[in-house]
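Written below as structure tokens is the structure these notes are about.
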């Protein structure tokens, strides 16, 4: 196929993807469409929930390289001036919900996979996984597919990075906090106000600085994002609940960060999950070194992806701008898709572990 033919086929697939609503947790229609599309290319398609994957194995003894991007989107936000489910083209851009996050990466990885699957001199086995529930970190997302695959040796995750390579990314822990006091009548100045205890803890959190700062990801960030207390103006509240959004770097596990917080605040703290971990790959890994040799810039990503759930060394790279994610009138530059396909192929066609 010519470059122009590949580009048109990739854009055609992207247009069809945009036209099928695929909100996180509700990807059935798009998942079935992509399953059928890949079957028409003569691949055996595996499925778990709404996650689908195809394999190209050369030798069972070879390491496994995973290509991954997600099919789901957030719900339509306010401010769209175009129909988010019509792939509207204007000059060099194609607009639509999920066009950048992560439709552009998805179609680029699909066409890179089609090329790489035809190379029988590869020194690795290849899996293309199109995952669901990435945007809401849902229970039926990539983790359920990975459970079926056995050991993965390396993963390349397609997300909008302007074709730069993220070699580490932040993790996330959401923590529910409860400050406890004793209720009483305001007029009698009785009781023990839980709000004051929460405020004291929140002030401590504002001042807290973790010792280890990452060269690429910076400090661990802790933000209070929600607070709730009281049910009546003349009653001293005996409980005050607040939520912490904690963005970890690769120098701390999520569990370590929670234990440190427990030492500094008196409120009860309950993490919702430890599963969204910070990830990092050795800068001396062969794939990173090859990218650097190709003048691909490397960086640390402050945004999260399915990298957090992949138990293998991984990188994140794809067309599109992260700043456009979750924004109205999301778009991707059409030529960046062919650039991404070419970059993926150049990185991987002669790659050796």
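Pairwise Cα distances in the range 27-92 exceed 18 Å for 57 percent of all pairs. With helices as the sole contributors, the chain gives -8500 deg cm²/dmol at 222 nm; each DSSP H run of n ≥ 4 counts as -39500 (n - 2.57), and the sum is divided by every residue. Considering every alpha-carbon pair of the range 195-251, the percent of pairs per 5 Å bin, from zero through the bin containing the longest distance, is 4, 17, 21, 18, 13, 10, 7, 5, 3, 1, 0.
Debye-formula intensities of the range 147-207, expressed as log10 I(q)/I(0) at q = 0.13, 0.19, 0.23 Å⁻¹, are -0.66, -0.90, -1.05 (one equal scatterer per alpha-carbon, no solvent). Diffusion coefficient of the chain by Stokes-Einstein, Kirkwood radius over Cα pairs, 20 °C, 1.002 mPa s: 98 µm²/s.
What do you get for the angle between helix 3-19 and the principal long axis of the chain? Use alpha-carbon atoms, 0 to 90 degrees, nearest ten. Orientation of helix 3-19: about 40 degrees from the principal axis.
Relative to the longest principal axis of the C-alpha atoms of the chain, give the angle of the C-alpha long axis of helix 334-348, reported between 0 and 90° and rounded to the nearest 10°. Approximately 80 degrees, to the nearest ten. Cα axis of helix 254-264 to longest principal axis of the chain: angle in degrees, 0 to 90, nearest 10? On a 0 to 90 degree scale, this one is about 20.
A full extension of the chain between residue 180 and residue 120 corresponds to an added length of 15.2 nm, given 0.36 nm per residue minus the alpha carbon distance. What's the whole-number percent of alpha carbon pairs in the range 171-271 lying beyond 21 angstrom? Percent of Cα pairs beyond 21 Å in the range 171-271: 38. Hydrodynamic analysis of the range 256-353 uses the Kirkwood radius over alpha carbon pairs. Inserted into Stokes-Einstein at 10 °C and 1.306 mPa s, it gives a translational diffusion coefficient of 95 µm²/s. Averaging the Cα positions of each part gives two centres, and for the range 1-75 and the range 254-295 these lie 29 Å apart.
FYI, it's all coordinate maths here, none of it is from the lab. Because the structure is predicted, anything quoted here is derived from the model rather than measured.
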